[in-house]
Structures are given as structure tokens and as C-alpha cells.
Amino acid sequence: MPEMTPKPILIALLALVLSGCATTESGPRPQVTLSNGKVTQIDFAGVDMRFDLVVKNPTDRYVRLDAYRWDLLVAGKKLAKGHSSGSQPVDSSSDLIVPIDVSVKNGAVFAAIRTDHPKKLPTYELRVVALFAGGLMTLPQDFEKRAELPILYKPVTTLQNFRVVKQTADAATIRFDALLENLNSFPIHLDKTIANLHLAGRPVAQEFQTKPRDIPPHGRVVADYELDLDLAVLGETVVNALRQNEVSYQFDGTTAFDTPWGRKSLNFMQSGRLQIKR
């Protein structure tokens, strides 16, 4: 019979082999980091971010990034995922930057946190598992980044306090307020707002410009408007509507405002019924 290797010696040899796979020689070692997320695109539907998996190899031997995969979680729910398509070598005294592009829709975020008006920005978790081989590294490494998820909200405009100041057979003067709300965690400057007002299904004021407004974070401001209407041109439909206790309306147009990611433009439209005050 062949001579049996004593069990303690076998265990010691196995431990030596395993430790040899996980350790490096003395001297410089490869360094792997995951950068913070950078917004590459943001709009009212969602956000695109970029993370960089950076491999620095100061040694005289190569390192190979065999594979990686990533998951983006919000409130414990996986909203996006991805993986590598092939291995990438890192030569000696070289660096490798692997971009990880992540996209997430606001609708998915709101469903995960169960509200579309959170009191503060939700936190995301990006989890990356990367497998390195060759040269001095043979073990998988885990990375995780946590930060607030950027969300861009549209300013909210609500018409209120609709009043007929005066009305004759041929003309009327109306006043109303627009309550402007900023749901974002940063101040916004509303600029170049061009609006249209429809009453009782008829356009009564077109492409009138509103004054610029600064709205603080999570703040509100009130903008007041006064319009003179030519009832002789608008016709009986509008004349009769202004004599009622309420009127149907549509308020629409375009506006632009400044954000930490540049100027954003949007079209807005709202409709409903307004109580008429006199």
C-alpha cells in the first residue's frame, strides 16, 4: 500500500496553497477603487450616473479584470443592474478605468420608496463585485457606494384667486394668482416663462410673459397677474362664462429654470375649474 500522508501535514500543505493564491509579494500592490457617482444626464424622468472602477497597477506584473457585475438598490429594491462583457488586462505600471453607467427612472424610485414627494432625497446603494486574476491578484473584491439619489422635479403651478375686477359689454379685467412650488432640495430661478390662458374653451390671452421668480428649496412664491380682455373679439361664450360662479380654464406654456446641472426647459399645462370672485 502507498504510504499515507499524515493528516496534520496535509492540512498544512492545503493552507499553504490557498494562502499562496491570496497573498502578494512584498512591495507595491495593485489598488482598486470605485469612484463616487457623477451625474451625466438628468431630467424630469430620471437620472444617468457614471461610476469609475479604477485599477492602478504599480507592479512589474500584469493584473487582469476578468469580470464584474453591479446592482443599484433603493429602499432595498434592485432598480438597475449590469455586468461586464469580457476581461481586460492591466499591464505593469499602468492604470485601467472601467466606466459603469447607471440609469434609473424616477417612477421606479417613487414606487420603491412608496411616495413621489419624499421629505428628503432617497439613498441609493451601488454594489459591485469584481473578479481579478493574473499576476498578484486572484480574489474577488466587493465595493459599495452609498449617497443621495439626485431627483429633478418640475416646478408646480396652481392658479388661484381668480377675480373679475370689472366687466362691461365689450371688455373685462381679470386678476389671478399663480402659486409656484419648488419640490427640489435646491433653489430655482424661473425665467422666460411664456403662458397662454384659455377660459370656457376659448383662448383669451396668448404668449404673455411672466416675471422671473426665485423660489427657495422646498419653497413657495405667489405670482399675480392682471389681464385686459377684449370681449367684443372673444365673443359671447367668454362673456357668459365670466358672469357665472366658476369657469373652466387651461393654463399652459413654456418656462426655463436653472439647476445645479444647468438650465432646464419644460412645457407645462394644467386645466380645471376656477371659482370666480368679484
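The values are calculated or read from the model by the stated rules, or taken from the named source; none is laboratory data. Computed from a predicted model, the values in this text were never measured in an experiment. FYI the Cβ positions are ideal-geometry reconstructions off the backbone, even for glycines, and counts take in every protein chain you see.
Here is how the numbers come out for the structure above:
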{"item": "In the range 164-179, the residues that are aliphatic (A, V, I, L, M) and either exposed (fewer than 14 other Cβ atoms within 10 Å of the Cβ) or more than 30 Å from Pro118 (Cβ to Cβ) (or both)", "result": "Val164, Val165, Ala169, Ala171, Ala172, Ile174"}
{"item": "Residue match in the range 175-198 (condition: more than 30 Å from Lys78 (Cβ to Cβ), of a type in the set (A, V, I, L, M) and either touching a helix residue (DSSP H, G or I) at 6+ places or on another chain (Cβ under 7 Å) or at pLDDT 95 or above (or both))", "result": "yes"}
{"item": "Wholly within the range 60-106, strands (runs of 3 or more DSSP E) carrying at least 1 residues that are assigned by TED's automatic domain parsing to the domain that holds Arg50 and at pLDDT 95 or above", "result": "63-74, 77-83, 94-105"}
{"item": "Failed criterion for Lys211 (all others in (1) part of a loop (DSSP other than H, G, I, E, B); (2) surrounded by 14 or more Cβ atoms within 10 Å (Cβ to Cβ); (3) basic (Lys, Arg) hold)", "result": "(2)"}
{"item": "Answer from Arg29, Arg127, Arg61 - the residue that is of a type in the set (Lys, Arg), surrounded by 11 or more Cβ atoms within 10 Å (Cβ to Cβ) and in contact with a Gly (Cβ under 9 Å, 6 or more places away or on another chain)", "result": "Arg61"}
{"item": "Selection count where residues are under 15 Å from Asp43 (Cβ atoms) and not in a strand (DSSP E or B), scope the range 239-278", "result": "2"}
{"item": "Residue that is loosely packed, with under 12 Cβ neighbours inside 10 Å and in contact with a Gly (Cβ under 8 Å, 6 or more places away or on another chain), where the choices are Asn182, Asn267, Asn196", "result": "Asn267"}
